[in-house]
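Following: one structure in structure tokens, then a few remarks.
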Amino acid sequence: MCKILLSINPEHVENIFNGTKEYEFRKIKCKEPVEKIIIYSTAPVMKVVGEAKVEKIIEGSPLEVWQQTKRKSGINDEFYFDYYKGKMTAIAYKLIDVVRYATPKELSSFGVSYAPQSFVYL
């Protein structure tokens, strides 16, 4: 099973936990199939706060991916298309079985010494 740790803005983390954001968008696809995402909430939280299983990975043009994910994206179209400006490919991880940790954890608990810019394999 391939697990990755993702750095995610606290606003988006909360939307994942409250169910309004069921997809996590990335510009780069992992080389290995991802089955679980460990969620690191960036500043000011700066802790590992939860995890989610990946039901499926959607890959296509930004427009194709948006058409499939927009209803549960947790973001607006302006934010989405600005993020993918100049990119030919968009990646969306469909999150299920989202778990918020009762106690946030340090990165060192996962053998990681710094927050990744995008992601890190665990």
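Are any residues in region 48-86 in contact with a strand residue (DSSP E or B) (Cβ under 8 Å, 6 or more places away or on another chain) and assigned to a helix (DSSP H, G or I), and if so, which ones? Residues satisfying the conditions are PRO62, GLU64, VAL65, TRP66, GLN68, THR69, LYS72, TYR80, TYR83. Taken over region 92-107, the criterion of being part of a strand (DSSP E or B) and either surrounded by fewer than 19 Cβ atoms within 10 Å (Cβ to Cβ) or without any contact (Cβ under 8 Å) to a residue 24 or more places away in the chain (or both) is satisfied by LYS94, ILE96, ASP97, VAL98, VAL99, ARG100, TYR101, ALA102, THR103, PRO104, LYS105. You will find that of ALA92, ALA102, the residue that is under 17 Å from the mean Cα position of the chain (by Cα) and at pLDDT 95 or above is ALA92 and no other. Within region 8-46, being surrounded by 14 or more Cβ atoms within 10 Å (Cβ to Cβ), more than 22 Å from GLY60 (Cα to Cα) and charged (D, E, K, R) holds for one residue alone: GLU14. Note on region 108-117: residues that are part of a helix (DSSP H, G or I) and touching a residue at least 60 places away in the same chain (Cβ under 8 Å) amount to 2.
The values are calculated or read from the model by the stated rules, or taken from the named source; none is laboratory data. A quick note: this is a predicted structure, and the numbers were derived from the prediction, not measured. Note: ideal-geometry Cβ built from the backbone for every residue, glycine included; neighbour counts use all protein chains shown.
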